[in-house]
Amino acid sequence: MPESLTIRRPDDWHLHFRDGAMMRAVVPYTACQFARAIVMPNLSPPVTTTAMAAAYRARIVEAVPPGVQFAPLMTAYLTDHSDAADLAAGFADGVLTAAKLYPAGATTNSAQGVTDIANIMPVLERMAAIGMPLCVHGEVTGDEVDIFDREAVFIDRILAPLVARLPELKVVFEHITTSQAANFVDGASDRVGATITPQHLQINRNAILVGGIRPHMFCLPVAKREEHRLALRRAATSGSGKYFLGTDSAPHPRHAKESACGCAGIFNAPHALESYVSVFEEEGALDRFEGFASENGPRFYGLPLNEGTITLDKAPLAVADELDCGGEAIVPFHAGETMRWRLRGVG
Ligand code: DOR
Ligand code: ZN
């Protein structure tokens, strides 16, 4: 077993920075590991236009520690009233990298999301024509669908018909959680990729419910049965270029998670790489980690690979029980655990 691993500097193809003091506190965790990150637009109010994305990007850039090279890649939040011309202009100007589909009501700050995919078909047609990727939160809503089935039902009702109708559209099926999702991605064209989070590779639904309710393990899409976690581990470590790193790091204050109606989201940014690399080690696939973390994402998005490297050492790393983020206590993923790998630094 190697004692250290050096790979091309990676990117995070899906995360939440929030805004204000919280944003300023969490950006450094990501910027010190990743060269770029796809930033989710589900602020309140949501980032729906190119102008809002440009302003948000400037606020993020100000929060990057001096001397650290990091570029936020912005997304626009799609609504029933999105303006295709504005999104296309933002993409052409390099302000927007992608647009994000939140089905209305699916997750945090998604109330203004899309109520019916038919409402955004002209926008999606334009995106397909100009090569602008669509990032998808792939869950249906509605009381009649069990929360553990919402991703699989989304594939049948929304995603498969969409991909059939617009085969040119680049689609990132985000934070996949099921074997059905991996099967769909495997069988789709190379215009369809997927991100996988560290938590969905590490935990199954028992982690949320056995021995008491554990709100810090709750995110959306919710973790599923063990067979699904194993399918995701196979997909991530398969060597397929369709799968890439996207943490879905989603900070919420401790009090908002430990509540009668706790928020969905796991703050994994502080030790995301250590978490992922331990999965690849357990699967005997350390040689495939660089592809997943640093190559497949930029190739899918049509962006250059990063220069520079990072090194992870095989050394114990104690994770804090909680972190102070802009005056709010946040419990990070792996809180209180000792991890087997430790990030040494950016080369
Ligand atoms: O767990 C989640 N948290 N899933 C999402 O889709 C959104 C995110 C958040 O913004 O908190
Ligand atoms: Zn997310």
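The values are calculated or read from the model by the stated rules, or taken from the named source; none is laboratory data. The structure presented is a predicted model; accordingly, all values stated were derived computationally and were not measured. Heads up, the Cβs are rebuilt from the backbone with ideal geometry, glycines too, and the neighbour counts pull from every protein chain shown. The area values use the complete protein model at the heavy-atom level, side chains included, leaving out ligands, DNA and RNA. Shrake-Rupley method; radii C 1.70, N 1.55, O 1.52, S 1.80 Å.
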Task: Members of the stretch 114-124 that are open to solvent by less than 20 Å² (accessible area, probe 1.4 Å), away from ligand 2 (no atom under 16 Å from the Cβ) and touching an Asp or Glu at 6+ places or on another chain (Cβ under 9 Å) - done: Ile120, Val123
Task: Every residue from the stretch 299-330 that is surrounded by 15 or more Cβ atoms within 10 Å (Cβ to Cβ), under 23 Å from the mean Cα position of the chain (by Cα) and of a type in the set (A, V, I, L, M, F, W, C) - done: Phe300, Ile310, Leu312, Val319, Leu323, Cys325, Ile330
Open item on the list: Residues to consider are Gly265, Gly212; find the one that is open to solvent by 10 Å² or more (accessible area, probe 1.4 Å), on the phi > 0 side of the Ramachandran plot and of a type outside the set (A, V, I, L, M, F, W, C).
Closed with: Gly212
TODO: Go through the residues of the stretch 234-246 one by one and say whether even a single one is in contact (Cβ under 8 Å) with a residue 12 or more places away in the chain and within 16 Å of ligand 1 (Cβ to nearest atom).
DONE: yes
Open item on the list: Checking the condition free of Cβ contacts under 8 Å to residues at least 60 places away in the same chain, out of contact with any Phe, Trp or Tyr (no Cβ under 7 Å at 6 or more places or on another chain) and small (Gly, Ala, Ser), which residue from Ser259, Ser294 passes?
Closed with: Ser259
TODO: Could you please find all residues in the stretch 99-120 being touching a residue at least 12 places away in the same chain (Cβ under 8 Å) and farther than 24 Å from Ala37 by Cβ?
DONE: Ala104, Gly105, Thr115, Asp116, Ile117, Asn119, Ile120
TODO: Output yes when any residue across the stretch 243-254 is among the acidic types (Asp, Glu) and surrounded by fewer than 19 Cβ atoms within 10 Å (Cβ to Cβ), and no when none is.
DONE: no
Task: Spans of helices (runs of 4 or more DSSP H) in the stretch 182-268 with at least 3 residues of a type in the set (Gly, Ala, Ser) and more than 16 Å from ligand 2 (Cβ to nearest atom) - done: 226-236
Task: Members of the stretch 125-147 that are more than 16 Å from ligand 2 (Cβ to nearest atom) and under 13 Å from Ile158 (Cα atoms) - done: Val140
Open item on the list: Need pairs with beta-carbon distance below 7 Å; first residue under 21 Å from His137 (Cβ atoms) and within the stretch 211-233, second at pLDDT 95 or above and of a type in the set (Phe, Trp, Tyr); sequence gap 6+ or separate chains.
Closed with: Val222/Phe148; Lys224/Phe148
TODO: Take the stretch 237-273 and flag every residue that is within 14 Å of the chain's Cα centre (by Cα) and hydrophobic (A, V, I, L, M, F, W, C).
DONE: Phe244, Leu245, Ala250, Ala264, Ile266, Phe267, Ala269, Ala272, Leu273
TODO: Enumerate the pairs (first residue in the stretch 168-190 and under 26 Å from Gln202 (Cβ atoms); second residue anywhere and open to solvent by 30 Å² or more (accessible area, probe 1.4 Å) and in a loop (DSSP other than H, G, I, E, B)) with beta-carbon separation below 6 Å, excluding pairs fewer than 6 apart on the same chain, so at least 6 apart or on different chains.
DONE: Val185/Lys242
Task: Within the stretch 114-155, tally of residues that are outside any helix (DSSP H, G or I) and either away from ligand 1 (no atom under 16 Å from the Cβ) or at pLDDT 95 or above (or both) - done: 18
- [ ] Only residues in the stretch 142-153 that are farther than 17 Å from Val185 by Cα and open to solvent by less than 80 Å² (accessible area, probe 1.4 Å) count as the first member; pair them with residues that are modelled with pLDDT of 95 or more and part of a loop (DSSP other than H, G, I, E, B), Cβ under 7 angstrom, at least 6 apart or cross-chain, and list the lot.
- [x] Ile147/Val222; Phe148/Val222; Phe148/Lys224
